[in-house]
1. Full-extension gain between Glu142 and Asn222, please, as 0.36 nm times their residue separation minus the C-alpha to C-alpha distance.
2. A 19 angstrom limit on the alpha carbon distance is what I want to check against. Which of Lys157/Lys306; Lys57/Lys182; Lys157/Lys182; Lys235/Lys296; Lys57/Lys95; Lys157/Lys230 exceed it?
3. For the ranges 125-132, 278-285, what's the packing order if you count other beta-carbon atoms within 10 Å of each residue, average per peptide, and put the highest first?
4. Which whole-Hz ³J(HN,Hα) couplings does the range 200-207 yield from phi under the Karplus relation 6.51 cos²θ - 1.76 cosθ + 1.60, θ = phi - 60°, glycine and proline marked x?
Amino acid sequence: MTTAWGSDITQLGLNKAFSLAKRFSPSFLRRYCDFKMTHSYEELRDAALDVLAGREKTNYPPSQYEHLISGVAEVFIRRGDAQEPTGGRTFSDPKLPPPEREIFLEVFWDLFRQGIITLGLNDSNREFPWFHVSSFGRRILEGHDSYFFHDVSTYKKLINDQIPNLDQTTLLYLQEAMQAFKAGCLLSSSVMLGVATEHTFLLLMEAINNNPVHLSTFATVNSERTILRKVNKFKNILDQQLSALTREIKEDLDTNFMGILSMIRNFRNESGHPSGKIIDREQGYVLLQLFIPYCKKMYQLMDHYK
């Protein structure tokens with residue numbers, strides 16, 4: 001038996017599957033079993049983002065919850081991920097099967113919590129089911145950012161694409177930072193990102209210390225007690241070594257090294273101490289983006305000094 005919840009049947013076993021099927025009438029089964037597969041959270045979210053960004057045109061504008069969920073179903077049909085409607089339904093009114101509607105409910109409220117959408121369409125329709133894309137969400141959906149991501153998996157993929165040999169401990173803290181950002185815990189996200197940033201610098205120093213050729217040049221860095229003093233000492237020495245660096249490393253070195261490190265570190269310090277300063281979602285998103293060129297530059301230096 002192949003249904004929209006086929007994977008669940010495999011997991012539950014035949015007895016539980018028959019029990020599950022008894023909840024639905026034959027007309028219900030005929031109506032919803034024409035979908036090829038159950039779409040994952042990520043697939044539903046990706047389709048919703050395409051609709052919200054205008055990359056996929058749908059019968060109804062995505063300004064109400066039901067219009068958006070209908071648009072997502074329409075996208076799947078158009079892409080061949082679901083069969084065209086049968087059993088009295090029309091393409092102008094496509095439906096997701098109930099299991100997918102349950103998942104999509106999570107997708108919708110996650111988009112709200114993450115600031116991509118906000119409730120209300122205008123002053124006359126200020127509450128759910130009306131909604132609209134926020135100004136923050138619009139900038140993200142329009143793809144104006146060099147490093148675009150919308151969840152933990154896309155952020156992880158983006159980083160791994162840019163830095164294939166990324167240290168796994170660094171990645172652990174980055175994933176924590178992204179998880180906290182997604183949950184709206186922006187202070188926690190900033191702290192975890194700061195840890196990943198400092199850890200990456202210390203990995204650079206470790207690579208230098210393991211190379212006798214360069215160890216003596218940067219020996220005074222190791223004698224500094226605080227991370228800030230280590231970073232400043234390292235940068236002073238590095239400035240005297242510029243002629244030995246490749247063109248690729250020297251390109252945007254000040255910005256992608258000290259500029260970004262200082263920014264992330266300042267936000268981390270404000271977030272990790274009771275300063276009373278609150279980081280907003282857009283700042284958190286930008287910091288997660290900025291880590292990528294910073295980390296890429298650090299790994300270029302690692303490769304040079306190994």
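Only the coordinates and a few stated rules stand behind these numbers; no lab work does. Since we're looking at a predicted model, the values are computed, not measured. In this analysis, Cβ positions are derived from the backbone assuming ideal geometry, glycine residues included, and neighbour counts consider all displayed protein chains.
1. Once the chain is fully extended between Glu142 and Asn222, it gains 24.3 nm.
2. Lys157/Lys306; Lys57/Lys182; Lys157/Lys230
3. Going by the mean number of other Cβ atoms within 10 Å, highest first, we get 278-285, 125-132.
4. 5, 5, 5, 5, 4, 5, 5, 4
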